[in-house]
Amino acid sequence: MSDSANIASRAGKSTTMGMWLNGQWPSLLTVMLFLYYLPSAAASAKTSSVSPEKHWSFVPIGPVNPPLVGNGQHSENPIDAFISTKLRELKIKQVDRASKVELVRRVTYDLTGLLPTTSDLKEFLADHSARAWDKVVDRLLASSAFGERWAQHWLDLAHYADSNGFELDADRPDAWRYRDWVISSFNNDMPYDRFITLQISGDESAPGDRAALIASGFARSGPREVVGGNIDPEVRRQNELVEATATVGSVVLGLTIGCARCHDHKFDPLPTTDYYSLEAFFAGTQLKDLPINDKSEKETFDREMELIHTRIKPLEEAKAKLEVPYRERILKQKEATLTAREREIRAKPKNERTPEEARLFEGISVALKVGWEEVAAAVAQNSVDHQKRESIKRQIYEIERHAPKPPPEAMAMIEESIARPETWVLKRGNIKNKRTIVDPRQTQDHVAKKCGSAAICPHAHPNETTHS
């Protein structure tokens, strides 16, 4: 079993959520409600002086008996019993019971993000049966709008976007497949353990399953810097791992583990080594756009694109021929600005250049490169050639805009090899300042042992094999 599959399996085996429903996995709606209210619980807890084994988020969930309401009876809903008790303690008068119109408006908006239709209101108001309310809720949960409404909260947690962000902000033409997968999961009431497992290790948990590949896009849905040439590949790779690690830590573990990337966490009992031990689970993963199309789809696309290229080729050649004299003139103007030393370096054979000269040669080559903007500006000075060039560009555009859509791909995070790259603890999170090597290990192994609860703090033995 690979690292990402290992952590997904452990997340799936935890019965923390299952304890709420007598050992049964809760619905995604239940989990989303838990995640929604979790930050307020964390904010209200004073954790800075609490020992790890007593930290609020590591304390096992135990059975709780709802208090009795004012008449000595159990409340219809146990949550209401706690609210009523607190209101009495604070001497706050409870508001009157909501009307049927208010109720149906609230539940419709909460579950679907939409207002009820006139026919929905009339139907509910006319229904005086004991199951009138249950029927409204069942209808809303069965609506496709339910998944669309509640999926948006999960997509926010995953940092989902239709583009990469940063200065280029390139489109992600296949990102919507992950969005729709999440919506479908909510509408089909996928069990939470399956929901998490597919997103963390879909390529290995369900090999050959296209939907599982799409689900694995969870940890790569956030911003991604893909600008070529002006960013250190090692820095870019580390940024990708940070995004995956921090997202999984906050969404699945409910911990702001990203705060421990540069220093020990100031509130949660998380040392920096825990952060990088979690990151090590993802060290062997790669962000890939994998084809999920049929062979016939690819063949049809290639055939149509070949026809497009055949039509464009003579136009591209005509455009290039028109630009030749302008490119040559711009290049000569740039070469005229070179110093004698720079000319000497350019004239020297490659195998005779010193390392310093090789570096300078690269810089000179970049400076002499003629960009399309320079060519366009130069051609624009000649009205005849400018009109010819613009006409050619228009013809190319008219052909290209009829090109077929590319075959579908999955924005996936996969492991192609069982070989695991080294993961280092970094000083202040700087990839250029490596300290010590760590292996994949779940956070707070020592806390787990003190808690004595595998459900809340599942832990791995330090020598446990993470590959099968």
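The values are calculated or read from the model by the stated rules, or taken from the named source; none is laboratory data. These numbers were taken from a predicted model, which means no experiment stands behind them. Ideal geometry is used to build each Cβ from the backbone, glycine not excepted, and the neighbour counts take in all protein chains shown.
Couple of notes before you dig in:
- In the range 257-272, the residues that are touching a residue at least 12 places away in the same chain (Cβ under 8 Å) form Cβ pairs under 8 Å with partners that are among the acidic types (D, E) and surrounded by fewer than 16 Cβ atoms within 10 Å (Cβ to Cβ), at six or more places apart or across chains, as follows: L270/D264; T272/D264.
- Among the candidates A367, A380, the residue that is among the small types (G, A, S) and at pLDDT below 95 is uniquely A367.
- The single condition among (1) in contact with a helix residue (DSSP H, G or I) (Cβ under 9 Å, 6 or more places away or on another chain); (2) surrounded by 12 or more Cβ atoms within 10 Å (Cβ to Cβ); (3) at pLDDT 90 or above that P458 does not satisfy is (3).
- Consider the range 230-275 and keep the residues that are assigned to a loop (DSSP other than H, G, I, E, B) and in contact with a strand residue (DSSP E or B) (Cβ under 9 Å, 6 or more places away or on another chain). The one that is surrounded by the fewest Cβ atoms within 10 Å (Cβ to Cβ) is C262.
- In summary, helices (runs of 4 or more DSSP H) completely within the range 121-216 and bearing 3 or more residues that are surrounded by fewer than 19 Cβ atoms within 10 Å (Cβ to Cβ) occur at 132-141, 144-157, 176-187.
- The lone criterion from (1) outside any loop (DSSP other than H, G, I, E, B); (2) touching a residue at least 60 places away in the same chain (Cβ under 8 Å) left unmet by R88 is number (2).
- Residues in the range 348-366 that are among the hydrophobic types (A, V, I, L, M, F, W, C) and within 27 Å of A378 (Cβ to Cβ): 3 in all.
- Cβ-Cβ under 9 Å pairs, at least 6 apart or on other chains, the range 326-344 side touching a residue at least 40 places away in the same chain (Cβ under 8 Å) and surrounded by 13 or more Cβ atoms within 10 Å (Cβ to Cβ), far side assigned to a helix (DSSP H, G or I) and among the acidic types (D, E): Y326/E374; Y326/D385; R327/E374; I330/E374
- Checking K319, K350, K298, K332 one by one, the residue that is of a type in the set (K, R) and within 30 Å of S201 (Cα to Cα) is K298 and no other.
- Boolean, E225 is crowded, with 19+ Cβ neighbours inside 10 Å, touching a residue at least 24 places away in the same chain (Cβ under 8 Å), acidic (D, E) and in contact with a helix residue (DSSP H, G or I) (Cβ under 9 Å, 6 or more places away or on another chain): no
- Some residue of the range 284-295 being outside any helix (DSSP H, G or I), at pLDDT below 95, touching a Pro at 6+ places or on another chain (Cβ under 7 Å) and more than 30 Å from V242 (Cβ to Cβ): yes
- Selection within the range 228-256 - more than 21 Å from D156 (Cβ to Cβ) and out of contact with any helix residue (DSSP H, G or I) (no Cβ under 6 Å at 6 or more places or on another chain): G228, G229, N230, I231, D232, P233, E234, V235, R236, R237, Q238
- Close contacts from the range 429-440, counting a first residue that is without any contact (Cβ under 8 Å) to a residue 40 or more places away in the chain and a second that is exposed (fewer than 11 other Cβ atoms within 10 Å of the Cβ), with Cβ to Cβ under 7 Å and a gap of 6+ residues or different chains, come to I437/E422.
- Subset of the range 359-379 [free of Cβ contacts under 8 Å to residues at least 24 places away in the same chain, of a type in the set (A, V, I, L, M, F, W, C) and exposed (fewer than 13 other Cβ atoms within 10 Å of the Cβ)]: V366, W372, A377
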